[in-house]
Amino acid sequence: MQREARVATGGYVSDLDVGDVLGPISYRVKPFTVREYCHAVEIDHEAFQAGDAAVAPPTLVHLDKLKLYEAACPAGTGPTARVHVEYDAEWHAPVPVDTDVETTGTVTERFLKRGRTYVVTEIVMREASTGTALITYRDTVILAYEAQSEAAQ
Amino acid sequence: MTAPVRLPARKAQMPRPGEIFELAPRTMTRERMRWYVDAQATAVANDGKPRFGGPTIHDDDDYAISQGLPGIIADGMVSTNWLFSLLVEIFGPAAAASGRMRTRYIAPVYEDDVLHTSAKVTAVEYTGDTRSVQLELRCARADGTPVTVGEATVRITDDTD
């Protein structure tokens, strides 16, 4: 169900609903963060891990969702742990380290399927200085691993 | 605007439809799961200091069990990143220049699961000076059960060669 966009400014992540707008958030893509992340997930190429790491992997945008959640939902996750079910990203240009970016998210779907609540968030990371879209990302989560009815939440 | 970054493509011959690329099998240890949890906390803080994340269903057995799971499971982004690292193996850093990747987590990955990460080239298209390579992605347990599946497109332009 579509409804008028609203800025999410509080509550739990599990309360998010269609039309909620998260952010924008702004930050600088720091080489330290890129190196730590790429080391942890074993992206071993020097372009991502060297002292002068050049570029962020397009998977790092997934963590912008957590930054957006943190900004928009200060009460936290909610009663249950989320489970990520789908990553779907298109990267339009490289994201060099030291780029200032601005990211916004919009909750575009919330639906019940086999007793589980799915939430889809569409996220756009832009270069702050130009507004150029660098990555568009569609994230899908279920709000709880255990199946339950929407009414029970 | 930030200066454009030149991301070199691998000089090897462009992959052809039907070719399959694989990473060496990797065991999903609890350390690998925790590395991601900590990297997540570090990236969100983005302040130049390493962080410990959690507790999550990826690093805390009791919490995972309280959520209805038999134990900790890997974050899906671990296998997604392994698949992206395979794209970097195939194409070089140019894999991060322009493309798309979609991964779906169709079964949980438990501690000590041995994952086979692969990418199969399904099509190569040429548009002007850009080669667009489409791939089918898969992470599977040793018995062949897929846990993460998806597809990717990597666009390589001549100026990244």
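The values are calculated or read from the model by the stated rules, or taken from the named source; none is laboratory data. All values reported here derive from a predicted model rather than from experimental measurement. Don't worry about glycine lacking a Cβ; one is built from the backbone with ideal geometry, like all the others, and counts go over all protein chains shown.
Mind listing just one residue for me: the one in the range A:95-123 that is part of a strand (DSSP E or B) and among the polar types (S, T, N, Q) and, of those, nearest to B:Asp47 (Cα to Cα)?
Per the criteria, the residue is A:Thr103.
Using beta carbons and a limit of 9 Å, which pairs, at least six apart or on different chains, have the first residue in the range B:40-65 and more than 8 Å from chain A (Cβ to nearest Cβ) and touching a residue at least 12 places away in the same chain (Cβ under 8 Å) and the second one loosely packed, with under 15 Cβ neighbours inside 10 Å and among the aromatic types (Phe, Trp, Tyr)?
B:Ala41/B:Phe52
Have a look at B:Ala142, B:Ala123 and point out the one that is surrounded by fewer than 18 Cβ atoms within 10 Å (Cβ to Cβ), more than 15 Å from the chain's Cα centre (by Cα), at pLDDT 95 or above and more than 19 Å from A:Ala56 (Cβ to Cβ).
On the way: B:Ala142 fails: at pLDDT 95 or above.
One residue alone meets the criteria, B:Ala123.
Just to be sure, is A:Glu122 closer than 30 Å to B:Arg155 by Cβ, more than 7 Å from chain B (Cβ to nearest Cβ) and either out of contact with any helix residue (DSSP H, G or I) (no Cβ under 9 Å at 6 or more places or on another chain) or of a type outside the set (A, V, I, L, M, F, W, C) (or both)?
Values: closer than 30 Å to B:Arg155 by Cβ: yes; more than 7 Å from chain B (Cβ to nearest Cβ): yes; either out of contact with any helix residue (DSSP H, G or I) (no Cβ under 9 Å at 6 or more places or on another chain) or of a type outside the set (A, V, I, L, M, F, W, C) (or both): yes.
Answer is yes for this residue.
Any residue at all in the range A:66-80 that's closer than 19 Å to B:Leu86 by Cα and at pLDDT 95 or above?
Start the filter on the range A:66-80 by keeping residues that are closer than 19 Å to B:Leu86 by Cα, which leaves none.
No.
A:Ile135 - would you say it is under 24 Å from B:Cys139 (Cβ atoms), among the aliphatic types (A, V, I, L, M) and touching a residue at least 60 places away in the same chain (Cβ under 8 Å)? Spell out the reasoning first.
Values: under 24 Å from B:Cys139 (Cβ atoms): yes; among the aliphatic types (A, V, I, L, M): yes; touching a residue at least 60 places away in the same chain (Cβ under 8 Å): yes.
So A:Ile135 passes the test.
Pull up the range A:67-103, narrow it to residues that are of a type in the set (S, T, N, Q) and facing chain B (nearest Cβ under 7 Å), then point me to the one that is farthest from A:Met125 (Cα to Cα). Before the answer, list the steps.
Of all residues in the range A:67-103, those of a type in the set (S, T, N, Q) come to A:77, A:80, A:99, A:103.
Narrowing the set further to residues that are facing chain B (nearest Cβ under 7 Å) leaves A:80, A:99.
Working: A:Thr80: 28, A:Thr99: 11 Å.
So the residue we want is A:Thr80.
Restricting to the range B:101-121, what's the tally of residues that are touching a helix residue (DSSP H, G or I) at 6+ places or on another chain (Cβ under 8 Å) and within 26 Å of A:His92 (Cβ to Cβ)?
Initially, the range B:101-121 is screened for residues touching a helix residue (DSSP H, G or I) at 6+ places or on another chain (Cβ under 8 Å), giving B:101, B:103, B:105, B:109, B:111, B:115, B:117-119.
Going one step further and asking which of them are within 26 Å of A:His92 (Cβ to Cβ), we end up with B:101, B:103, B:105, B:117, B:119.
Final tally of qualifying residues: 5.
If we only count strands (runs of 3 or more DSSP E) wholly inside the range B:74-152, which ones have 1 or more residues that are in contact (Cβ under 8 Å) with a residue 60 or more places away in the chain? Write out each step before concluding.
Details: elements: B:99-105, B:114-127, B:130-141.
Passing ranges, in order: B:114-127, B:130-141.
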